[in-house]
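Presented below is the structure to which this report refers.
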Amino acid sequence: MTYRNIQGMRAIAALIVVSAHIFQDIAPMRTHWAKTFFSVVGGTGVDIFFVISGFIIYHVMRRSIDSMDAVGKGRAVHAFAMKRFIRIYPLYWIVFGTSCLVLAWAPPAVPLPHEPLFQLLALIDNVPNFRVYVAWTLTFEVYFYAVVALSLLLFARRAMVGVVIWFAIVGGATLLGLWLPWSKPLDFVFSPIVLEFLLGIAVAMLVDRGFHRFHGALLAGAFIWMAIGLVFLRPSIFALNVAHWGTLVASNRSFALHVVGGGIPAAIFIYGLVVLEIRQQWIMPRVLQYLGDASFSIYLWHAVVFTAVAELFVRLGWVGVANSAGLIALMVIIALGIALLSYRFLEKPLLRLLGQWFLGRGVSSHSLETVRDLERAGR
């Protein structure tokens with residue numbers, strides 16, 4: 001099953017993140033009243049992405065386990081890791097290089113600090129990324145993939161044991177981190193936000209075990225829950241925690257609030273939408289499904305394109321003259337257009353070509369391949 005509603009939610013999550021950044025490039029919009037609202041709401045897009053990632057990787061892990069009898073543990077783990085590598089790194093490196101060119105053409109008012117290039121390209125250690133600043137989430141994705149790959153390698157068919165041990169350690173560290181600061185790199189290793197992957201796994205396990213009970217009130221309740229959670233994720237709350245506890249504890253508490261206020265309701269949304277699809281009661285519109293397929297390109301490209309287009313508007317003399325809302329709309333249209341072109345002519349061909357080179361088969365643009373895909377792979 002491809003879970004078309006999952007793809008639709010990926011599109012919604014990507015568009016939520018895009019909305020968080022539309023007020024950060026056009027000069028008159030940087031102080032717009034809606035900036036604070038969208039910057040807070042945008043974080044929920046990340047929560048949704050992480051829950052979806054947990055949901056997807058659970059199914060991918062199950063397929064990897066099932067393939068061990070046929071291909072062996074080593075090849076199954078290699079295939080899992082290589083697919084994750086092919087999906088994440090090539091397109092990210094292209095966007096990263098493009099962003100470097102954009103920043104050379106439109107340098108920021110404040111010079112960028114020195115950045116460790118290897119960590120940025122390898123997506124490790126969650127160092128600040130001023131080239132592709134949405135990539136901070138990819139460091140957690142890569143971390144999650146590494147834990148799953150290691151669990152598959154060490155525990156084979158009982159890989160979930162390794163994953164559960166990891167989540168238990170992070171959960172205990174999170175409780176300690178609410179009062180005691182973890183120094184680098186432990187603040188990244190024990191970051192509470194990785195628990196959102198666990199929420200996605202929990203949803204997948206419920207669905208996989210045939211638990212399909214659902215009432216529409218669940219979605220309404222999740223929406224209210226998330227709205228209340230956003231109140232406690234305001235920048236003013238974060239600043240208050242920084243003042244009283246320091247940055248490390250404040251960051252830990254902020255991520256913990258994301259899990260409670262954003263991650264849990266996101267998991268309820270995902271569960272409800274999956275059950276609706278299984279029951280054939282409601283399927284996401286095809287346009288959202290397609291945007292969900294292209295969500296990774298949208299996620300990576302939009303902020304880089306925003307920076308380039310905003311600079312172009314400034315050089316054309318449009319900022320302060322043309323209607324700001326119109327410029328923002330045009331900027332978003334251009335960014336989405338470039339992202340969709342990237343998906344069609346860059347991301348998909350790369351997945352197909354690199355998959356053939358390293359795995360002997362093309363890699364899907366999403367991880368929930370259909371049964372037909374698996375049969376073609378001989379699995």
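Side notes on the structure shown:
- Screening residue 325 with (1) closer than 21 Å to residue 292 by Cα; (2) open to solvent by 30 Å² or more (accessible area, probe 1.4 Å) gives one miss only, at (1).
- Residue in the stretch 60-81 that is modelled with pLDDT of 95 or more and more than 22 Å from residue 361 (Cα to Cα) present: no
- The set of residues in the stretch 208-238 that are of a type in the set (Val, Ile, Thr) and open to solvent by 50 Å² or more (accessible area, probe 1.4 Å) comprises 224, 228, 231.
- Residue ID - surrounded by the most Cβ atoms within 10 Å (Cβ to Cβ), chosen from residues in the stretch 157-183 that are of a type outside the set (A, V, I, L, M, F, W, C) and touching a residue at least 24 places away in the same chain (Cβ under 8 Å): 177
- Of the listed requirements (1) more than 24 Å from residue 3 (Cα to Cα); (2) surrounded by fewer than 16 Cβ atoms within 10 Å (Cβ to Cβ); (3) of a type in the set (A, V, I, L, M), residue 205 misses just one: (1).
- Candidate set: the stretch 2-43, residues that are aromatic (Phe, Trp, Tyr) and either within 21 Å of residue 226 (Cα to Cα) or at pLDDT below 75 (or both); chosen: the one surrounded by the fewest Cβ atoms within 10 Å (Cβ to Cβ): 33
- Assessment of the stretch 243-254 against the conditions (at pLDDT 85 or above, open to solvent by less than 50 Å² (accessible area, probe 1.4 Å) and over 14 Å from residue 271 (Cβ atoms)) yields at least one matching residue.
Here's the yes/no breakdown for (1) open to solvent by 50 Å² or more (accessible area, probe 1.4 Å); (2) part of a helix (DSSP H, G or I); (3) touching a residue at least 24 places away in the same chain (Cβ under 8 Å); (4) at positive phi:
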residue	(1), (2), (3), (4)
307	no, yes, yes, no
312	yes, yes, no, no
333	yes, yes, no, no
349	no, yes, no, no
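- One residue from 320, 355, 337, 326 being part of a loop (DSSP other than H, G, I, E, B) and of a type outside the set (Phe, Trp, Tyr): 320
- If the condition is being part of a helix (DSSP H, G or I) and open to solvent by 30 Å² or more (accessible area, probe 1.4 Å), then the stretch 272-288 contributes 278, 286, 287, 288.
- Meets criteria (part of a helix (DSSP H, G or I) and more than 30 Å from residue 24 (Cα to Cα)) for residue 266: no
- Cβ-Cβ under 8 Å pairs, at least 6 apart or on other chains, the stretch 129-142 side under 19 Å from residue 100 (Cβ atoms), far side at pLDDT 95 or above and not in a helix (DSSP H, G or I): 135/123; 138/123; 139/123
- Residues considered: 121, 91, 152. Of these, the only one that is in contact with an Asp or Glu (Cβ under 6 Å, 6 or more places away or on another chain) and either polar (S, T, N, Q) or at pLDDT 95 or above (or both) is 91.
- Test result for residue 150, aliphatic (A, V, I, L, M), open to solvent by less than 70 Å² (accessible area, probe 1.4 Å) and free of Cβ contacts under 8 Å to residues at least 24 places away in the same chain: no
The values are calculated or read from the model by the stated rules, or taken from the named source; none is laboratory data. In this text the structure is predicted, and so the values were computed from the model without any measurement. Positions of Cβ are backbone-derived with ideal geometry, glycine not excepted, and every protein chain shown enters the neighbour counts. Remember, those area values only see protein heavy atoms, side chains included, never the ligands or the DNA or RNA. Shrake-Rupley method; radii C 1.70, N 1.55, O 1.52, S 1.80 Å.
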